[in-house]
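Asks: The structure follows.
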Amino acid sequence: MTPEEFRQAGYAVVDWIADYWATLPERPVTSQDRPGAVAAGLPTAPPAEGEPVESVLADLDKLVAPGLTHWQHPGFFGYFPANTSGPSVLGDLVSAGLGVQGMLWATGPACTELETVMLDWLAQALDLPARFRSTGPGGGVIQDSASSATLVATLVALHRAGGGRWREVGVDRRYRVYASTEAHSSIEKAARIAGLGVDGVRLIEVDPVTRAMSPAALRAAIEADRAAGVVPALVVATVGTTSTTAIDPLPQIGPICAEHQVFLHVDAAYAGAAAICPELRFGHAGLEYADSYCFDPHKWLLTGFDCDAFWVADAAELVQALTVLPEYLRNAATESGVVIDYRDWQVPLGRRFRALKLWFVLRWYGIEGLRAHIRSGVALAARFADRVRADDRFELMASHPYSLVCFRLRGPDGPNERLLAAVNSTGRVYLTHTRVAGKHTLRLAVGAPQTTETHVDEAWELISQAAALPD
Ligand SMILES: *Cc1c(COP(=O)(O)O)cnc(C)c1O
């Protein structure tokens, strides 16, 4: 494809994406296809001769788009939002066009330096503790996901707990990771990958009302483990749990970690974005105790997947834990010690120029534009929660500090399961579920860029009507 051919095909693809976004509201949010339907529509072998991009676009319309769940649809309320936006797509396009590998400073200096500055910008925008800025011993990096951030934090914590011996001998003692019973599954996965096994994770009970980690239970678990010869290595606290957006109390958890010299990682994958609004920073109280922190701009900050922002208070410790320097990567800049080589801050070697999409997003919207997006999500969730609260058939199952509302029909689980299925089968909205205190609970998470009051009100109407139907 010559640059001239790319220009023509590229315009057509941009037009296709713009049309896709413009027609989202008319599409069913989810596909009703059976498993295998999309694969059955595709040829069984690749084409022998090349085809024009127009043919691919036609098949995108015919075969792919109808088989999707439309995460940017204004009626998408499932899981957590996974925003994208025009500026994010354009930044990613530039990254793809440049095709730079940013593993070392020397392999693309601007790729590294723009990333460092973007993470400092974000730290400032979220008012994170000064210890995470690159101007001191700390600093930030983009990981592909919060799961990877937690894995990296786990490895650094093992490095620290092993007194530097972990690099040589691996996990040679009984190390333990602590997180609440409501914490994300990526913590268990990281522990398994790190060689601790599921038994290496101790799940700490939560307060029955707030669903936040009990500091007293954490302290008791750490003290009992130490008495038994186990080494507490890592506590992962969550700001905005996946199930209900509960907030673990960092002001109490932090001092326990400091007293027992346990690494503290804070996972704010979804809720962290809210801190761009000064009035929504309550979840970050006590964050100054954290050794590392992450949130996903790719969830609620209008930046497409993959973009997890991860900060550490001590970058040298992180690099010590992960660095391996083969001869073929040696270079003068690395040896000078004045540059960052982000390959040492992550699991893979290679890395894309992901800072570009953040740069495009931050410059297009500005901090005020991003605040408006977050505030709209919070206000729409509150509007929906008011409807639920005003209807005696329903109960709210958790508070809604951000843009997630957890609710259910009073009574047994069966009608709730049927309600969710009925509402989702309309194709107008998509909600998912969780279990709160053992009860089947519906989750409505606001955050898609096009969602307005109309869509939230329609969701409520559909739910209210479906609930009125006889079982
Ligand atoms: C979504 C979520 C994750 C996982 O995020 P990825 O970036 O997809 O790995 C981790 N923790 C919490 C609290 C989450 O809500």
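Asks: Counting Lys and Arg as +1 and Asp and Glu as -1, each charge on the Cβ, what is the dipole of the range 100-352 about the Cα centre in debye, to the nearest 20? Can you show the working numbers first?
Replies: Details: 20 positive and 29 negative charges, 83 e Å.
Its charge dipole is roughly 400 debye.
Asks: Using Stokes-Einstein with the Kirkwood hydrodynamic radius over Cα pairs, what translational diffusion coefficient do you get for the chain at 4 °C and a viscosity of 1.567 mPa s, in µm²/s rounded to a whole number?
Replies: Taking Rh from Cα pairs, D becomes 54 µm²/s.
Asks: Let me have the 222 nm mean residue ellipticity of the chain computed from DSSP H runs of 4+ only, each contributing -39500 (n - 2.57), with the sum over all residues rounded to the nearest 500.
Replies: -13000 deg cm²/dmol
Asks: Find out how many positive minus negative residues lie around THR154, taking Lys and Arg as positive, Asp and Glu as negative, among other residues whose Cβ is under 12 Å from that of THR154.
Replies: Values: positive: ARG160, ARG176, LYS189, ARG192; negative: GLU188, ASP267, ASP291.
Overall, the nearby charge balance is +1.
Asks: Using Cα-Cα distances under 8 Å and only pairs 6 or more residues apart, what relative contact order does the chain have, in percent? Before the final figure, lay out the partial values.
Replies: Details: 846 pairs, mean separation 102.0, N = 471.
With pairs under 8 Å counted, the relative contact order is 22 percent.
Asks: Just add up the charged neighbours of THR454: K/R +1, D/E -1, any other residue whose Cβ is under 13 Å from the Cβ of THR454.
Replies: -2
Asks: Taking the Cβ of GLU279 as the center, what net charge do the other residues with Cβ under 11 Å away carry, scoring Lys and Arg +1 and Asp and Glu -1?
Replies: So the environment of GLU279 carries a net charge of +3.
Asks: Could you work out how much longer the chain between VAL198 and GLU51 gets when fully extended? Use 0.36 nm per residue separation minus the Cα distance between them, nm to one decimal.
Replies: Result for the pair: 48.0 nm of gain on full extension.
Asks: Pick out, in residue order, every one of the GluC sites (Glu not before Pro) in the range 15-104 that is DSSP loop and has at most 16 other C-beta atoms within 10 Å; say none if there are none.
Replies: Working: sites: GLU26, GLU49, GLU54; in loops: GLU49.
Here the GluC sites (Glu not before Pro) that fit, given the DSSP loop and packing criteria, are GLU49.
Asks: Tell me, in nm to one decimal, what length is gained between GLU205 and TYR20 on full extension, where the rule is 0.36 nm per residue of separation less the Cα-Cα distance?
Replies: My answer for the length gained is 62.1 nm.
Asks: Have a look at SER55, PHE384, HIS298 and report the one farthest towards the positive end of the charge dipole of the chain, computed about the Cα centre with Cβ charges (Lys/Arg +1, Asp/Glu -1).
Replies: Of the listed residues, the answer is PHE384.
Asks: Right, another one. Rounded, prolate or oblate: which fits the range 314-471, taking a ≥ b ≥ c as square roots of the Cα gyration tensor eigenvalues, rounded meaning a/c under 1.5, else prolate when a/b beats b/c?
Replies: Prolate is the answer for the range 314-471, as a/c is 1.5 or above and a/b outweighs b/c.
Asks: For a quick check of your reading of the filter: which trypsin sites (Lys or Arg not before Pro) in the range 283-379 sit in a DSSP loop and have no more than 15 other Cβ atoms within 10 Å?
Replies: When the trypsin sites (Lys or Arg not before Pro) of the range 283-379 are filtered for loop state and at most 15 Cβ neighbours within 10 Å, ARG330 remain.
Asks: Then there is this: Which of the trypsin sites (Lys or Arg not before Pro) across the range 394-434 are loop residues per DSSP, with 15 or fewer other Cβ within 10 Å?
Replies: Working: sites: ARG408, ARG410, ARG418, ARG428; in loops: ARG410, ARG428.
Passing sites in the range 394-434 are ARG410.
Quick note: the coordinates plus some simple rules give every number you see, no bench work behind them. All of these numbers come straight from a predicted model, not from anything done at the bench. Positions of Cβ are generated from backbone atoms using ideal geometry, with glycine treated the same way; all protein chains shown enter the neighbour counts.
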